[in-house]
Amino acid sequence: MQKWWTIMLFVMAFPFIYLCMNRVFHATVMCITMNVAIMLVFIYAPNEKVQGIVQKIFYFHVSSAITMFFAFFLVCVASIMYLWKNSDWWDAIALSAAEIGVVFCTLVLITGPLWARPIWGTWWSWDPTLTLTLVLWLIYVAYLMLRIEIYDPNRARFAAILGIIGFVDVPLIRWSVEKWRTLHPKPVLIQEGGTTGLTSAMLLTFLVCLGAFLLLFFYLLRERISIAQSRHALEVLRHEIDEIL
C-alpha cells in the first residue's frame, strides 16, 4: 500500500511543479528526464524473464495510458467548470487537454498492438479493454470535430457535455482490466493488496518514464492553452471589427 501512495503523490505533485516552473526550465527538465528515461529503459531495466525485450514497451504503453487518463480527467473537470462559470479560460483548458489526450490515446493504441503481436500472435483482438480504449479515442475525436470550426459558444457547450459523458469510459477501461476475464494482462504496477509486480529497477524506470510523459503533457498543455486563448482573443477582435464596419 505504501508504494501505491508513493505513486499517487508522485502524480499529484506535477500540477504544483507545472505552476512553479517557467517555460525554459520546464523544457530543460523535460528533455533531461526523457533522455534519462530512455537510458533507463534500454540500459538499466532488466529484461523480463518470460516476455524478454518486448516487455520494455510496458514503460511507454502504461505511461501513455496514465497520462491519457489524466488528460481526459482534466477535460471532464474543465468542462464542468466551463458549463458552471461560462469562462473561456476553462474552455481553453478542456480543448487543449482533449487534443493532447487524443495524442496519448493514439500512442496507447499503437504501443498496445506492438506488444500484442509477438505475445498474442496478432496485432489486434476485440478484447473489451482494447475496444473500450478505441471507443474512448473515437469519443474525443468527435469532441475535437465539434471544435474544428471557429469559436462558437453552442459548439463549446455541446463539446463540454460530450467531454463529461466521454470520461465515463475511463473507469470502465480500468474496471475491465481488473475485473473482466480478458486477454489484456492484469495490473502489474499495482496488484491486489497494494503491492507491485515490478522489481525495484523496473519500478524506478517506470516512475522516471511516467515523470517524462507528465512533464511533456504539462508543457504541451501550457503552450496549447496559450494558443487557444490567443485564437479566441483574435476571434473576439475580428467580431468587433466586423460590427464597426
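The values are calculated or read from the model by the stated rules, or taken from the named source; none is laboratory data. These numbers were taken from a predicted model, which means no experiment stands behind them. Glycine also receives a Cβ, built like all others from the backbone with ideal geometry; neighbour counts cover every protein chain displayed. We work out accessible area using only protein heavy atoms, side chains counted, and drop any ligands, DNA or RNA first. Shrake-Rupley method; radii C 1.70, N 1.55, O 1.52, S 1.80 Å.
Values computed for the structure shown
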quantity	calculated
Arg238, Arg155, reordered so the largest accessible area comes first (probe 1.4 Å)	Arg238, Arg155
Heavy-atom accessible area per residue - the range 195-245, 1.4 Å, Å²	53 Å²
Portion, in percent, of the accessible area of the range 23-181 that falls on carbon or sulfur, probe 1.4 Å	72 percent
Label-point gap, in nm, between Ile161 and Thr106 - each point 7 angstrom along Cα→Cβ	2.8 nm
Cα-based equivalent ellipsoid of the range 74-131: semi-axis lengths in Å, sorted from largest, via gyration tensor	35, 11, 5
Cβ-Cβ FRET estimate between Ile32 and Gln229, R0 fixed at 35 Å, reported to 0.05	0.75
The range 48-160 pair-distance distribution - Cα-Cα, 5 Å bins, rounded %	2, 12, 20, 19, 15, 11, 9, 6, 4, 2, 1
Residue-span extension gain [Trp84 to Leu237] - 0.36 nm each, minus C-alpha spacing	52.6 nm
